[in-house]
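Written out below as structure tokens is the structure these notes cover.
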Amino acid sequence: MTTVSDVNTHPQPLNTGFQPDGLGARLRRRYFRTPGNAMISLVGMAALLYLVYHALDWAVLKAVWASPDGTSAVCRDIAGACWAVIQQRWRIIIFGLFPYDEQWRSMLACIAMVATIVLSCLPWFWKPLRLSTLWCAGFITFYVLMRGGLFGMRVVMPADWGGLTLTVFFYAAGVLIGMPMAVALALLRRSEMPLVSRMTGALIDGVRSLPLITILFTAALIFPFVLPDWLQGDKIWRVIIGFALFFAAYQAEIIRSGIQSIPVGQEEAAKALGLSYWHRTGRIILPQAFRNALPPTINQLVITFKETSLIVIIGFFDILASGNAAYGTGEWSFAYFEVYIFVALVYFVFVFSLSRYGAYLERRMRFGQH
Amino acid sequence: MQMFRNRKTRSLAYQVAFLLILALVIFGAVHEASTKLAAQGMTSGFDFLHKSTGFRIGFSLIPFDPFESYLRMLWVGIVNTIFLGILSIVLANIIGLIIAVFRISSNGVLNDIGTLYIETFRNVPLILQALFWYAALTHLPPTRQAYSVFDSIFLSARGVFVPSLNVGGQWFAAVALALLFGLSLLAWFSMSRRFKRMKNRGVLQLGIAGLTLAVMVGILAYAREPGSDIFSVPELKGLNFRGGITIPPELSALAIATAIYGGAYIAEVIRAGFLSVGKGQVEAARALGLAPWHVFSRVHLPLAIRAVLPTLINQYVWLFKATTLGIVVGFADFFSVISVSINQSGQTLELIAILMAGFLIMNNTLSFVLNRVNKAIALKGTQLRT
């Protein structure tokens with residue numbers, strides 16, 4: 001099907017050799033092409049400068065960075081930001097209620113998981129076996145470090161995890177469980193058996209039309225009713241399963257669209273060669289589908305990271321809750337602004353770098369296809 | 001075994017097995033649930049809906065007091081959710097359109113502002129933004145030192161106080177409904193192909209507009225409390241404001257956060273629409289001597305919206321779902337009402353079923369209506385030009 005956006009591809013302007021380059025010329029073209037334009041530019045710049053100046057003044061010039069005595073007395077009469085709250089309370093924001101002596105483990109676990117995420121951005125790892133090995137290894141490292149019980153480390157149950165580490169754990173576990181689920185759902189939905197494909201379709205569409213928070217809530221409250229006791233597990237795992245299901249429902253549709261964008265001839269050729277269903281799927285269909293679906297997949301991963309923040313509603317002590325706790329004492333209650341900005345920055349770093357990477361991949365892939 | 005060589009038989013067998021396993025799982029779950037409920041001595045069923053709740057709700061569009069039933073409270077939650085959802089979508093759309101225009105404008109500074117906006121607000125979770133705005137709004141000065149705008153709008157930690165008309169809430173709803181109905185009728189008239197060839201279309205449209213206005217004025221005139229001014233302006237009486245409308249910080253925080261966050265997403269969608277409009281269309285409009293504003297409002301914008309409406313519809317449905325955050329700031333939306341009811345009545349299964357059914361119905365209605373709109377105005381066949 002051709003959509004409007006397919007039809008209207010914009011040809012890049014031809015390079016006619018007429019390039020009056022140089023910074024001045026380019027700036028003039030961008031900001032001061034006509035008198036009206038120049039006026040808008042000036043007003044806009046003035047507004048931006050005003051904003052940037054005040055933000056800088058507040059956040060840097062007039063800010064208090066540290067509190068020598070551990071109280072909020074240094075921030076009593078200042079006009080700027082009180083970053084001392086971060087300096088005093090960063091441990092609770094990052095580690096939550098993890099035992100103080102063991103927080104190095106939480107730190108290491110967090111670094112291991114982030115390293116896993118960064119490593120999986122390298123094309124060398126883009127083989128099913130390598131990628132799954134990497135993720136399983138990273139996840140097991142994380143889990144062992146956090147839970148302890150091995151190598152003489154004290155046992156800390158998931159209920160005591162918190163802060164950024166819990167957010168990262170939730171994300172990694174959700175994606176790790178959700179990805180195979182997504183592949184399974186996508187394949188089931190494409191099944192030639194009407195009953196199977198209809199049922200899967202109903203499940204996927206049902207999950208997709210519910211808000212995530214209702215799914216998490218259901219997982220936390222309904223599973224204890226309908227599952228026998230030996231199957232229930234910890235609350236955190238039930239909620240992770242719900243989270244993974246939600247991710248899988250969206251990701252399954254992305255994979256399915258990736259599969260649909262493969263020319264039919266590919267599968268027919270594989271059939272003609274006598275390949276079995278699993279060979280066709282594993283060797284021909286899925287590798288191409290994943291390649292086609294890479295940009296939306298990264299987009300989905302970015303959205304999913306932001307959505308982990310919803311677990312605070314179910315009562316987990318993730319980075320949002322620990323941020324609330326960080327300014328929730330009488331001592332620091334005025335410093336909500338600084339704490340929220342800090343937490344927002346943490347999210348921003350994760351989300352922005354992931355989405356920039358996605359944009360880079362998209363450019364790279366488009367380049368490869370022409 | 002020879003039978004299973006046949007593809008049809010095999011597929012039938014698979015499906016029967018699939019169905020059996022599914023039935024087994026469902027039966028097991030139901031059995032487990034009923035044993036557990038029996039063990040806890042709980043009665044299932046929907047009778048509890050008629051019991052009185054015994055607690056208050058901070059903000060509700062329709063009146064509610066603690067003696068009323070759970071059913072009524074759920075209804076309050078649904079109305080609040082729909083209200084917040086529509087408000088957020090409309091605001092997000094306005095912001096999104098402005099930012100999209102910034103992003104495609106030929107002016108460098110406007111581009112930069114648009115990019116800065118999108119990259120800032122799209123990369124921070126909505127719930128964090130809602131908490132942030134809530135904290136900021138509740139840290140405004142108390143009512144006695146409230147900021148005032150022209151002595152008629154007041155900003156304080158207890159909420160924003162704005163002037164209103166001197167009529168009851170239900171009449172307000174009636175006026176809004178009349179306006180909505182009139183506007184959608186007008187939109188239908190001007191967009192649907194069914195009326196393209198009608199001769200007196202303009203007169204008819206004017207008639208509808210006039211009728212809507214008359215109905216609205218009529219309702220207001222009828223509903224005005226006798227002897228009072230038309231406008232009710234908030235006034236500081238003691239520790240609180242009297243008159244006007246109070247917008248509680250919970251509602252404003254959620255509406256602001258969703259509008260800003262959703263606006264960033266919608267801006268990108270609309271921008272894609274603008275970019276997909278063929279250059280020739282815009283150039284042709286310019287060549288015909290249309291003023292820049294007309295080129296934008298009559299050619300560029302309608303084509304862009306038509307191109308991205310399906311994506312935009314998905315975005316609206318998603319935004320509607322995203323507004324379900326009332327519980328973090330204490331706004332009584334559908335989800336938080338359900339959550340409170342579960343805590344109070346203990347009827348978990350029934351209430352979760354209501355929650356799911358409610359959201360399925362609301363979301364599917366929204367997407368159904370919008371998809372009909374899309375079908376009615378989508379470009380077809382020869383209308384597609386580059």
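The values are calculated or read from the model by the stated rules, or taken from the named source; none is laboratory data. All figures in this text were calculated on a predicted structure; none of them were measured in a lab. When we count neighbours, we look across all protein chains shown, and the Cβ atoms used for this are built from the backbone with ideal geometry, even at glycine.
Only a single criterion out of (1) at pLDDT below 85; (2) facing chain B (nearest Cβ under 7 Å) is not satisfied by A:Pro211, namely (1). Looking across the stretch A:79-119, the residues that are among the small types (Gly, Ala, Ser) and assigned to a helix (DSSP H, G or I) come down to A:Ala84, A:Ser106, A:Ala109, A:Ala112, A:Ala115. When the stretch B:265-292 is filtered for residues that are among the aliphatic types (A, V, I, L, M), away from every other protein chain (no Cβ under 12 Å) and in a helix (DSSP H, G or I), the ones remaining, listed by number, are B:Ile266, B:Ala267, B:Ile270, B:Ala284, B:Ala285, B:Ala287. Would the stretch B:54-64 turn up any residue that is in contact with a strand residue (DSSP E or B) (Cβ under 8 Å, 6 or more places away or on another chain) and either more than 14 Å from every other protein chain (Cβ to nearest Cβ) or closer than 27 Å to B:Leu360 by Cβ (or both)? Within the stretch B:54-64 (the criterion being in contact with a strand residue (DSSP E or B) (Cβ under 8 Å, 6 or more places away or on another chain) and either more than 14 Å from every other protein chain (Cβ to nearest Cβ) or closer than 27 Å to B:Leu360 by Cβ (or both)), the answer is no, since none of the residues qualifies. Among the residues of the stretch B:89-112, write down those that are in contact (Cβ under 8 Å) with a residue 12 or more places away in the chain and either outside any helix (DSSP H, G or I) or in contact with a Gly (Cβ under 6 Å, 6 or more places away or on another chain) (or both). B:Ala92, B:Ile95, B:Gly96, B:Ile99, B:Phe102, B:Arg103 - these are the residues of the stretch B:89-112 that are in contact (Cβ under 8 Å) with a residue 12 or more places away in the chain and either outside any helix (DSSP H, G or I) or in contact with a Gly (Cβ under 6 Å, 6 or more places away or on another chain) (or both).
For the stretch A:250-341, list the helices (runs of 4 or more DSSP H) that sit wholly inside it and hold at least 1 residues that are surrounded by 19 or more Cβ atoms within 10 Å (Cβ to Cβ) and of a type in the set (Val, Ile, Thr); which are they? Hits in the stretch A:250-341: A:294-307, A:311-314, A:319-327. For A:Tyr357, the criteria (1) surrounded by fewer than 18 Cβ atoms within 10 Å (Cβ to Cβ); (2) touching a residue at least 60 places away in the same chain (Cβ under 8 Å); (3) over 14 Å from the mean Cα position of the chain (by Cα) hold in every case but one, which is (3). Scanning the stretch B:312-345 for residues that are farther than 15 Å from B:Glu250 by Cβ, of a type in the set (Val, Ile, Thr) and either crowded, with 21+ Cβ neighbours inside 10 Å or facing chain A (nearest Cβ under 10 Å) (or both) yields B:Val317, B:Ile338, B:Ile342. Would you please name the residue that is nearest to B:Pro249 (Cα to Cα), looking only at residues in the stretch B:59-76 that are of a type outside the set (A, V, I, L, M) and either at pLDDT 80 or above or surrounded by 13 or more Cβ atoms within 10 Å (Cβ to Cβ) (or both)? Looking at residues that are of a type outside the set (A, V, I, L, M) and either at pLDDT 80 or above or surrounded by 13 or more Cβ atoms within 10 Å (Cβ to Cβ) (or both), I get B:Phe59. In the stretch A:109-135, the residues that are in the same structural domain as A:Trp161 (by TED's automatic domain parsing) never reach a residue that is modelled with pLDDT of 85 or more and exposed (fewer than 13 other Cβ atoms within 10 Å of the Cβ) with C-beta atoms less than 6 angstrom apart, at least six apart or across chains. So is B:Ala17 within 11 Å of another protein chain (Cβ to nearest Cβ), under 36 Å from the mean Cα position of the chain (by Cα) and in a helix (DSSP H, G or I) or not? Criteria not met by B:Ala17. Of the residues examined, B:Thr324 is one that is outside the structural domain of B:Val30 (by TED's automatic domain parsing) and outside any helix (DSSP H, G or I).
B:Thr115 falls short of the stated requirement of being over 26 Å from the mean Cα position of the chain (by Cα) and either assigned by TED's automatic domain parsing to the domain that holds B:Ile260 or modelled with pLDDT of 85 or more (or both). In the stretch B:346-377, of all residues being touching a residue at least 12 places away in the same chain (Cβ under 8 Å) and more than 21 Å from the chain's Cα centre (by Cα), the one that is farthest from the other protein chains (Cβ to nearest Cβ) corresponds to B:Ala376. Considering (1) crowded, with 17+ Cβ neighbours inside 10 Å; (2) not acidic (Asp, Glu); (3) not in a helix (DSSP H, G or I), the lone condition that A:Leu150 does not fulfil carries the number (1). Scanning the stretch A:187-204 for residues being touching a residue at least 40 places away in the same chain (Cβ under 8 Å) and either over 22 Å from B:Ala353 (Cα atoms) or within 9 Å of another protein chain (Cβ to nearest Cβ) (or both) gives a total of 3.
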